[in-house]
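Visitor: Dropping a structure here in structure tokens format, bear with me for questions.
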Amino acid sequence: MWSSTRLPITRRHPGIRCGDTKPASFEVVPSGPRRAKGCGAGCKVIAETEPEGTGQRRPRADDEWAVFQVVPGGRVHAVHLKTETEYVVDDGKGWPEGVGAGGGPSVSNGKTFYGVTTWWGGLLIVRSLLTGEAKVVFSWDKSDGTGAITTSFAHPYVYWERVSPNALHRFDLRDGSLKSIPGGGCIIIEGASNGLATCAGEGFVDLIDFDNGTTTKLGSSKFEDIAGSISPDGKTAAWIDTRDPGQNGAVTTYLDPSGGEVYIRDLVSGNDTRVTWDSPTNPIIKSFPRLVDGRLAWQSWAGIPTQLPADHFIWELPAPVWFSTNGTKPAALTDPLRPVAFPQPISSGVVGTLSLANDAGFLDTYLVHIAAGRSRRRLGRVGRDTQACRCHVGERVGPALARTVPKLVREESGRIPVVVAERSTELLPDIESSARRSSLRAALRSSNWHRQQSSR
């Protein structure tokens, strides 16, 4: 439902017409000793910078790009996989009173989605990795709760979780509409191009239907679902199911892990398929299944002789990657086994993080690409949305590009927030000019970038 209130066009500047872009001018990170680090046959370190390695802020990748967050300092980096070039996409300093960028960046269709932290609150940004064009899709004041805990991007939708108030959000880049649903606690949030999403937390995986306003358990059993996610096309989902007990009847849980099997669900038919069959004779802990275009990857502690922690930390620890393509028999991705964290399947293998000893003998985290010999096929190039923004014919905008910003009108219906979005073109001065940052901040604070309460 659209609000009838039209947002005013508050600033106009000569220079570029709506839809024009400027070339990307990202800083290139030169190769150094980290890129030269060996990680075994078929494995290659693809970034000179150490990535953040937690579940909510894990690196993301598709067939063209890998994006990741750098801490401390708060920066978003991207690696173009074909040229193996690493770029600094955003450090947050170019935004008004910005102090850093991150928020668990995600990638889709040649663009990245991430957060920027400022002294007064923050922003959520979609930026083209080809042109450098950036658009703000959401902003907040500190008094209005926190920013994005983690993000997901499946064109044309971007997804994120906020707390205080706890809610999951979906923004449509085509028309600027925003839908929200109560919930949270996501360690892993994944969204799909059909508008569905999954939220995986401590012992649960929920399927989120923003259009119908529903949240349902992904698995069909009464037992816990762990570390699951929806596929980018929204047709299937994969998770670790705990319904199958071990030899003594013990059932694994998030807080007391002892096993678990990989299951996938056809979200159209509702049918579940069991992929791994270790229980009950030989229960093996598994984690982080990901299913992309028939390529299923997950972590498995099979064959690891070392003592494992018997607590919930194991779900985010590195482990060897197992792989199955279009239902083929599961097999380890590498031989010998190498423990990888958060493996993301792409057409040529997986992208993930690998812990290796540095020159001082301490473990560092490296962003790596590991080739899968059985999956060399490259996908066709994904079509790009060339529509940069919508505006009136002949309207001219400032040199910083027009940004699409939703006006959010919130109504309370019991405890369920109903969010109505109004799309407008907000014209802003050049953010790269430090002399203009104070005026930009004033424009942000006084314009419709911030949610407004309305009387019913």
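What follows draws every value from the coordinates through simple rules; no lab data is involved. Please read all numbers here as calculations on a predicted model, not as lab measurements. Neighbour counts run over all protein chains shown; Cβ positions are idealised from the backbone, glycine included.
Visitor: For the pair N212/W277, report the inter-label distance in nm, with labels modelled 7 Å from Cα in the Cβ direction.
Guide: 3.3 nm
Visitor: Can you tell me how much longer the chain between N194 and T83 gets when fully stretched, taken as 0.36 nm per residue apart minus their C-alpha distance, in nm with one decimal?
Guide: Between N194 and T83, full extension yields an extra 36.9 nm.
Visitor: Normalised by the empirical 2.2 N^0.38 Å for globular proteins, what value does the Cα Rg of the range 199-314 take?
Guide: Ratio of Rg to 2.2 N^0.38 Å for the range 199-314: 1.05.
Visitor: Points 7 angstrom from Cα along the Cβ direction at I304 and Q247: gap in nanometres?
Guide: In this crude label model, I304 to Q247 measures out at 2.1 nm.
Visitor: Anything over 28 Å Cα to Cα? Flag those among K93/K235; K44/K286; K135/K286, in the order listed.
Guide: Among K93/K235; K44/K286; K135/K286, the Cα-Cα distance tops 28 Å for K93/K235; K135/K286.
Visitor: Let me ask something else. Taking only the Cα atoms of the range 24-82, how large is their convex hull per residue, in Å³?
Guide: 119 Å³
Visitor: Once you order the gyration tensor axes a ≥ b ≥ c over the Cα atoms, which shape class does the range 143-216 get: rounded for a/c under 1.5, otherwise prolate or oblate by comparing a/b with b/c?
Guide: The shape class here is oblate.
Visitor: Still on this structure: HN-Hα J couplings of the range 79-89 from phi, Karplus 6.51/-1.76/1.60, θ = phi - 60°, integer Hz, Gly and Pro as x?
Guide: 10, 7, 5, 6, 8, 6, 9, 9, 10, 8, 7
Visitor: Right, next: Can you give me the Kirkwood hydrodynamic radius for the range 275-362, using every pair of distinct Cα atoms, in Å to one decimal?
Guide: When all Cα pairs of the range 275-362 are included, the Kirkwood radius is 13.9 Å.
Visitor: I've got another one for you. Taking the Cβ-Cβ separation of V71 and N166 as r and a Förster radius of 35 Å, what is the calculated FRET efficiency to the nearest 0.05?
Guide: 0.90
Visitor: Turning to a different aspect of this structure: When a/c is below 1.5 the answer is rounded, else prolate if a/b is larger than b/c, else oblate, so apply that to the range 132-258 with a ≥ b ≥ c taken from the square roots of the Cα gyration tensor eigenvalues.
Guide: The shape class here is prolate.
Visitor: What does the C-alpha gyration tensor say about the overall shape of the range 101-193? Classify as rounded when a/c is under 1.5, otherwise prolate if a/b is larger than b/c, or oblate.
Guide: It is oblate, given that a/c is not under 1.5 and a/b is not larger than b/c.
Visitor: Check which residues have an amide H placed less than 5 Å from G260's amide H, if you skip close sequence neighbours.
Guide: HN-HN under 5 Å from G260: I284.
Visitor: Sort the following peptides by mean Cβ neighbour count (other Cβ atoms within 10 Å, averaged over residues), highest first: 290-303, 101-114, 173-186.
Guide: Ranking the peptides 290-303, 101-114, 173-186 by packing returns 101-114, 290-303, 173-186.
Visitor: Then there is this: Could you give me the ³J(HN,Hα) list for the range 294-302, computed from phi with Karplus coefficients 6.51, -1.76, 1.60 and θ = phi - 60°, whole Hz, x at Gly and Pro?
Guide: x, 9, 10, 10, 7, 9, 9, 8, 5
Visitor: Could you give the length gained on full extension between S31 and S221, defined as 0.36 nm per residue of separation minus the Cα-Cα distance, in nm?
Guide: 63.5 nm
Visitor: Sticking with this one: Given R₀ = 45 Å, what would the calculated FRET efficiency be for S355 paired with D175, taking r from the Cβ atoms and rounding to 0.05?
Guide: FRET efficiency, S355 to D175: 0.55.
Visitor: When the Karplus curve 6.51 cos²θ - 1.76 cosθ + 1.60 is applied with θ = phi - 60°, which whole-Hz ³J(HN,Hα) does each residue of the range 109-123 get, with x for Gly and Pro?
Guide: Running phi through 6.51 cos²θ - 1.76 cosθ + 1.60 with θ = phi - 60° gives 6, x, 10, 10, 10, 7, x, 10, 9, 10, 5, 9, x, x, 9 Hz.
Visitor: Between W119 and V99, what is the spin-label point distance in nm, taking each point 7 Å from the Cα along the Cα→C-beta axis?
Guide: Computed distance between label sites W119 and V99 equals 1.0 nm.
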